[in-house]
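Everything below concerns the one structure shown next.
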Amino acid sequence: MVMSKYGKYKWVLMKGFFFLYLSLNFAFSADYLSPSSILKSPDEKVLYIACSTASKVIAFNVEKESVTKTYQLKENPSAIVVSRDGKYLFAGCPSSESAVYVVDIETGKTVKKLKTGHTVKALLTSPDGKRLYAVNQFNNNVSEFDIESGKETRKFPAVREPIAADISPDGKLMVIVNHLPMGRADLGIAAAAITVVELDSGNVIKSIQLPNGSTDLNDIKISPDGRYACVTHLLSRFHLPTTQLDRGWMNTNAKTIIDLKTLKILNTVLLDNVDRGAANPFAIGWTADGKYLCITHSGTHEVSIINFPMLIDKLSKLPEQVDHSKINDYITVSKTVSDVPNDLSFLVGLRTRLKLLDSDKCPRSIAVIGTRVYTANYFTDTISITEINTQNPHFKSVKLAPQKEWTIVRKGEFYFNDASICFQGWQTCASCHPGDGRVDGLNWDLLNDGIGNPKNTRSLLFSHKTPPAMSLGIRETAYTAVRSGIKSILFTVQQEDVAHSIDEYLKSLKPVPSPYLVNGSLSKSASRGKKIFNQAGCAECHPPPLFTNMKQYNVGIKGEFDKPTDLFDTPTLIEVWRTAPYLHDGSADTLKELFTVRNKNNQHGITENLSDGQLNDLIEYLLSI
Ligand code: HEC
Ligand code: HEC
């Protein structure tokens with residue numbers, strides 16, 4: 001058969017359409033929503049949900065319990081807030097120069113686009129509705145915008161990776177959550193802090209350090225009466241060798257209550273039970289009357305509903321010290337204020353712990369309307385609706401989109417964040433490797449290299465490409481480390497499929513561009529530093545592109561727990577800007593000291609003759625990698 005000229009065209013055209021159809025289909029099938037933020041409209045009739053992998057915000061009608069509108073954006077939003085008059089939606093899309101889209105809720109049109117810092121994590125508005133605040137995780141600050149002009153007016157400094165914030169109802173104070181601890185990890189004390197800003201003056205008036213071992217802080221919400229702020233976090237028992245999980249031996253999951261009148265910690269209360277961990281407490285919501293404090297557990301797929309007045313009452317009755325004149329009470333665990341952070345039974349009778357339906361995994365955001373709790377579930381693209389009725393709680397699950405089959409990477413990301421693969425749900429891989437397989441800022445005494453020699457948590461970025469694994473290279477590859485992590489840190493036995501998908505997830509991780517880059521390029525100082533890097537012999541052991549030759553050395557940096565024969569794995573330097581503290585034992589909190597006090601014999605590159613300026617350039621380069 002001879003095809004006419006026209007026929008040929010038709011055939012090519014059809015083929016084109018077919019491929020277009022296939023590729024569109026493919027694009028849509030990978031299009032998970034991954035809801036990361038849920039927020040109610042001022043009239044409480046609509047819930048807005050930021051879909052962090054689908055470039056959209058969806059509006060969910062509370063009465064109809066269905067999606068009624070979609071706001072398409074050009075980027076993936078992970079933070080949202082609605083203007084106090086209910087007219088505009090602000091959607092923050094994280095990147096190295098994050099955008100905040102200002103969308104007219106009625107028309108769905110983007111009316112303005114504001115530029116904020118590196119990786120916007122949360123947005124909030126002032127009570128008078130005039131200002132917008134954007135929490136910039138990797139710039140370690142919060143930007144303030146005048147909503148009308150769209151201009152940035154002030155910046156408030158935080159400590160390390162601010163991730164959430166709240167403003168008191170009177171508009172006077174802002175409390176900012178720092179995700180990770182700052183400083184050395186080998187001194188026995190490591191804990192993240194809450195930064196308190198007085199909004200009138202713009203001054204940081206206090207940094208409230210949480211109890212020792214506090215890391216992975218996730219959310220903070222002030223009670224409706226403005227008296228207390230509550231923050232979710234882990235309380236890590238990093239001093240103990242990691243021999244077991246029972247009774248919160250390694251990681252406990254907690255909330256800390258801060259009295260906003262005194263700006264002091266009222267207490268830290270564990271969310272776990274004696275024989276059941278409540279891994280990865282995430283989002284916080286209050287009922288409007290302040291009676292119930294609701295917390296999601298992303299790791300165990302649960303919601304805790306806590307009777308707050310009863311909790312405050314119980315806490316306020318505890319003495320500072322034991323009264324020895326009274327008969328000893330053998331039943332109560334917490335006899336004094338300082339017993340509470342170790343008491344796994346403190347919430348008994350004050351809290352209802354609710355497991356979401358099997359269709360609902362990883363609740364990472366929460367909204368409370370009346371006595372209904374709405375959680376948006378990250379991995380399943382669903383909303384769970386729970387009625388606060390402590391006698392007879394009932395749930396509902398609503399699909400936000402048709403359920404899509406998980407790719408292997410998605411499955412791995414889920415397991416990495418899933419405490420169901422951990423004995424009694426105490427922790428997840430993400431408990432110690434938060435922020436997509438990075439670091440918690442702590443030292444842990446894992447048993448693979450013997451007992452009594454704690455090591456700083458390593459980032460898993462490029463771990464599979466840079467064997468061996470662990471700072472003593474004790475695991476041949478990351479593949480082995482993943483499997484032994486499940487067995488010896490989560491203390492369970494899982495199908496190979498679980499480890500295999502975690503491998504694929506970790507292999508899919510991409511570096512985040514350094515906040516030290518200027519318009520995506522090295523600054524002048526960093527460019528000079530790059531030359532010094534080569535001259536000082538750094539590139540011999542840290543050659544690009546992975547910045548490691550994958551060999552082990554003694555570079556003259558040994559601590560009291562190291563053996564004379566120990567040789568350390570040369571780490572990649574990619575993202576070294578976010579992996580402090582440094583070295584295998586977390587004993588250096590700045591890069592500068594590595595090449596001054598810690599490198600006296602030029603065993604770690606030749607740095608002795610560098611001037612202050614050259615050293616600063618070298619560090620600027622390292623921080624830009
Ligand atoms: C209790 C905290 C903790 C938990 C939970 C944890 N890790 Fe780790 N992980 C560490 C520490 C600490 C290191 C570094 C140890 C060293 O250098 O010897 C590490 C190192 C690793 C490494 C090697 C990185 C490298 O390139 O050297 C891999 C891979 C890893 N972890 C995977 C996992 C996986 C997968 C899970 C969950 C199954 C997990 N980890 C859970 C603390 C933890
Ligand atoms: C002989 C090989 C070698 C040379 C040369 C070398 N390094 Fe290293 N580097 C290492 C090893 C091994 C470690 C790990 C030490 C430890 O964990 O205690 C390390 C650690 C580091 C770290 C800490 C990373 C972290 O995450 O903890 C930085 C930063 C670093 N090197 C930068 C440099 C620079 C800059 C130079 C040049 C001045 C240099 N290195 C030269 C082998 C080398």
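The values are calculated or read from the model by the stated rules, or taken from the named source; none is laboratory data. What you see is a predicted model; the values in this text were computed from it and never measured. Here the Cβ is made from the backbone with ideal geometry for all residues, glycine too, and neighbour counts use every protein chain on show. The accessibility values were calculated without ligands, DNA or RNA, using every heavy atom of the protein model including side chains. Shrake-Rupley method; radii C 1.70, N 1.55, O 1.52, S 1.80 Å.
Of note:
- Segment Val348..Asp146, full-extension length gain: 68.2 nm, with 0.36 nm per residue of separation and the alpha-carbon distance subtracted.
- Taking only the alpha carbons of region 134-275, we obtain Rg and Dmax values of 16.2, 57 Å in that order.
- Within region 587-625, the trypsin sites (Lys or Arg not before Pro) that combine a DSSP coil assignment with at most 11 other C-beta atoms in a 10 angstrom radius are Lys600.
- Descending Cα extents along the principal axes, the chain, whole Å: 106, 69, 54
- Charge dipole (Cα centre; +1 on Lys/Arg Cβ, -1 on Asp/Glu Cβ; no other charges) of the chain amounts to roughly 1660 debye.
- Dipole axis of the chain (+1 Lys, Arg; -1 Asp, Glu on Cβ), positive-most option in Ala190, Ala91, Gly485: Ala91
- Relative contact order (%) - criterion: Cα under 8 Å, at least six apart; region: region 241-369: 26 percent
- Span-rule helices in the chain, defined as complete DSSP H runs reaching 30 Å or more along the axis (Cα) with Kyte mean at least -1.0: 5-29
- Average accessible surface area per residue within the chain, 1.4 Å rolling probe, Å²: 45 Å²
- Length-normalised contact order for the chain - Cα pairs under 8 Å, 6+ apart - percent: 9 percent
- Normalised size of region 410-507, defined as Cα radius of gyration per 2.2 N^0.38 Å with N residues, equals 0.98.
- Over 23 Å [Cα-Cα, region 524-624], rounded percent: 18 percent
- Greater than 24 Å apart at Cα, pairs in Lys56/Lys112; Lys558/Lys592; Lys64/Lys113; Lys45/Lys172: Lys64/Lys113; Lys45/Lys172
- Pairwise centroid distance, computed over Cα atoms, of region 290-326 with region 264-285, Å: 9 Å
- Put a dot 7 Å past the Cα of Thr477, heading toward its Cβ, do the same for Leu240, and the two dots end up 3.5 nm apart.
- Percentage relative contact order, region 410-507, counting C-alpha pairs under 8 Å, at least six apart: 32 percent
- For region 315-422, GluC sites (Glu not before Pro) are listed when DSSP marks them as loop and at most 10 other Cβ atoms sit within 10 Å of their Cβ; the list is Glu320, Glu405.
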